[in-house]
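The values are calculated or read from the model by the stated rules, or taken from the named source; none is laboratory data. In this text, all values refer to a predicted model and were calculated from it rather than measured experimentally. As a convention, Cβ positions derive from the backbone with ideal geometry for all residues, glycine included, and neighbour counts pool all protein chains shown. The protein model used for the area step is the full one, side chains on, heavy atoms only, and it has no ligands, DNA or RNA in it. Shrake-Rupley method; radii C 1.70, N 1.55, O 1.52, S 1.80 Å.
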Amino acid sequence: MTFDLVIRGGTVVSATSTGVCDIGVRDGRIAELGSGLAGGTREIDARGRLVLPGGVDSHCHIEQLSSFGVPCADDFYSATVSAAFGGTTTVIPFCAQHRGDALPTVLADYHERARSKAVIDYGFHLIVANPDEQTVSTDLPAAIAGGIRSFKIFMTYDRMRLADEQILEVMAAARRAGALVMVHAENHGMISWLAGRMVKAGNTAPRYHAICHTRGAEAEAINRVIALAELVDCPILIVHVSTPEGIEAIRQARGRGLKVMGETCPQYLFLTAQDIDRPGVQGAMFCCSPPPRDAAAQEACWQGMRDGSLRVYSSDHAPYRMDASGKLPNGEKTTFKEMANGVPGLELRLPLLFTFGYRAGRISLEEFVALTATRHAETYGLAARKGVIAPGADADIALWDPDRRVTVTPGLIHDNTGYTPYEGRELTGWPVTVISRGEVIVHEGRLDAARGRGRFLVREASEALRPQGRQVPEMAQLAAWNTPFSP
Ligand code: URP
Ligand code: ZN
Ligand code: ZN
């Protein structure tokens with residue numbers, strides 16, 4: 001039987017090995033790997049190309065309102081087009097429950113928005129800001145049954161943060177039904193106390209954002225949430241980790257055998273707090289939470305990625321325009337406290353890591369694949385379907401020209417933000433052909449993907465979610481809620 005598509009002679013990379021072979025694709029899936037495969041209806045000569053799994057970006061904000069109610073600049077079309085141009089073929093953005101929102105309404109709304117616009121496949125995480133009885137006992141289990149296997153909770157932001165008791169409630173619900181709890185870990189009291197005093201003293205420029213989101217706030221919250229997770233034996237993943245102290249806390253917890261995972265993002269590897277220190281409000285372009293730190297923190301992130309303390313590398317794409325609709329509600333007078341937090345990064349996530357990670361000798365090609373694709377799929381219930389080039393998996397593949405030189409300009413990027421924090425960077429290596437479920441959706445800078453072709457991914461229970469069954473003695477009295485979930 002022939003193939004619909006054969007990708008011939010490329011250097012195929014997985015999270016564990018690299019070798020030259022052909023890839024035969026049938027009905028949108030990888031049917032066979034080998035050399036000298038039979039002909040395909042379409043053939044791609046991949047000699048001289050690196051053939052990598054399409055990226056999986058498990059942390060991005062699309063068509064979402066910030067905690068202040070500021071809308072993202074990107075909808076599901078612009079965001080997924082931008083992702084595709086950067087070699088990413090799966091995204092897992094957030095459905096955001098704000099206080100007072102009912103989860104079923106929130107979910108139906110996001111499904112509706114994505115269905116008609118996404119050009120690549122997508123799943124959803126749920127942001128839980130209102131863990132009342134209805135949400136915890138009925139709506140979260142229903143969401144999990146509908147294929148949403150991960151929740152994000154916040155320890156900061158006035159309108160999103162949960163108290164420790166609420167965090168435990170969400171963790172217990174996640175544990176019972178088999179979902180991963182993702183945590184935005186920063187100590188709210190430390191940040192808001194500092195910020196209140198800074199503003200009173202007239203220190204309102206963007207640079208004070210980085211000062212108020214002090215490193216100790218991240219370390220304290222990570223340590224606290226690890227203790228909460230240990231109490232209820234719930235696997236957790238700390239998102240957007242930025243400090244050596246935070247990474248060390250994760251490393252220590254993992255060393256004690258706890259299922260604690262970490263994530264970092266381009267802004268913690270390629271930006272520092274100095275980028276925020278620009279005249280006027282220009283530094284707002286680089287304001288995200290936690291903020292970029294310094295060279296030593298960047299080094300700690302590289303080390304964390306190499307030793308597995310930081311399991312995944314995601315964009316945390318949070319696109320807000322540099323005008324009154326986005327980061328600058330009061331124009332030049334906007335204080336750092338009023339700026340929407342977040343930076344864009346969907347499209348450059350992979351090329352930045354390729355250049356400054358792989359090509360610079362900081363990580364291997366296999367680590368690049370693990371950090372950008374395979375581990376995301378394994379962690380979030382998409383193992384063997386996404387993030388790998390193997391028989392049976394969806395044919396989501398990016399062909400990279402490892403020597404293509406690209407200078408970053410805002411005009412290069414396909415999102416709606418209008419700027420990029422990485423303007424002027426010189427990159428080497430670019431995804432020139434991007435394939436989603438066997439269809440070439442990007443080739444040499446041209447898009448060929450219909451709006452709405454992306455499909456919602458029902459995610460499965462996974463090994464990463466299995467509690468360890470390590471009961472702290474105090475919990476023995478609470479047998480009913482401690483019933484282990486088994487994938
Ligand atoms: O600053 C950030 N990271 N903004 C996006 C929202 C979030 O906390 O992930
Ligand atoms: Zn966050
Ligand atoms: Zn985020």
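Below is a table of values for the structure above.
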item: Test result for Gly331, closer than 22 Å to Ala210 by Cα, at pLDDT 95 or above, open to solvent by less than 40 Å² (accessible area, probe 1.4 Å) and away from ligand 1 (no atom under 16 Å from the Cβ); result: yes
item: Breaking point among (1) open to solvent by 60 Å² or more (accessible area, probe 1.4 Å); (2) of a type in the set (D, E, K, R); (3) at pLDDT 95 or above; (4) under 28 Å from the mean Cα position of the chain (by Cα), for Arg47; result: (4)
item: Odd one out for Glu338 among (1) within 16 Å of ligand 2 (Cβ to nearest atom); (2) in contact with a Pro (Cβ under 8 Å, 6 or more places away or on another chain); result: (1)
item: Filter result (in a helix (DSSP H, G or I) and either surrounded by 24 or more Cβ atoms within 10 Å (Cβ to Cβ) or free of Cβ contacts under 8 Å to residues at least 60 places away in the same chain (or both)) within the stretch 376-385; result: His376, Ala377, Thr379
item: Ala296, sole failed condition from (1) under 26 Å from Gly216 (Cβ atoms); (2) small (Gly, Ala, Ser); (3) open to solvent by less than 10 Å² (accessible area, probe 1.4 Å); result: (3)
item: Residues being away from ligand 2 (no atom under 16 Å from the Cβ), in a helix (DSSP H, G or I), crowded, with 23+ Cβ neighbours inside 10 Å and of a type in the set (A, V, I, L, M, F, W, C) - total across the stretch 157-207; result: 3
item: Residue within the stretch 164-185 that is closer than 22 Å to Phe286 by Cβ and either in contact with a Phe, Trp or Tyr (Cβ under 8 Å, 6 or more places away or on another chain) or touching a residue at least 40 places away in the same chain (Cβ under 8 Å) (or both) present; result: yes
item: Matching residues, the stretch 50-81, being small (Gly, Ala, Ser), open to solvent by less than 20 Å² (accessible area, probe 1.4 Å) and in contact with a Phe, Trp or Tyr (Cβ under 8 Å, 6 or more places away or on another chain); result: Ser58, Ser66
item: Matching residues, the stretch 344-373, being of a type in the set (Val, Ile, Thr), outside any loop (DSSP other than H, G, I, E, B) and surrounded by fewer than 24 Cβ atoms within 10 Å (Cβ to Cβ); result: Thr355
item: Whichever residue in the stretch 262-279 is within 24 Å of Tyr358 (Cα to Cα) and touching a Gly at 6+ places or on another chain (Cβ under 9 Å) and, among such residues, is most open to solvent (accessible area, probe 1.4 Å); result: Asp275
item: Asp27 open to solvent by less than 30 Å² (accessible area, probe 1.4 Å) and of a type in the set (D, E, K, R); result: no
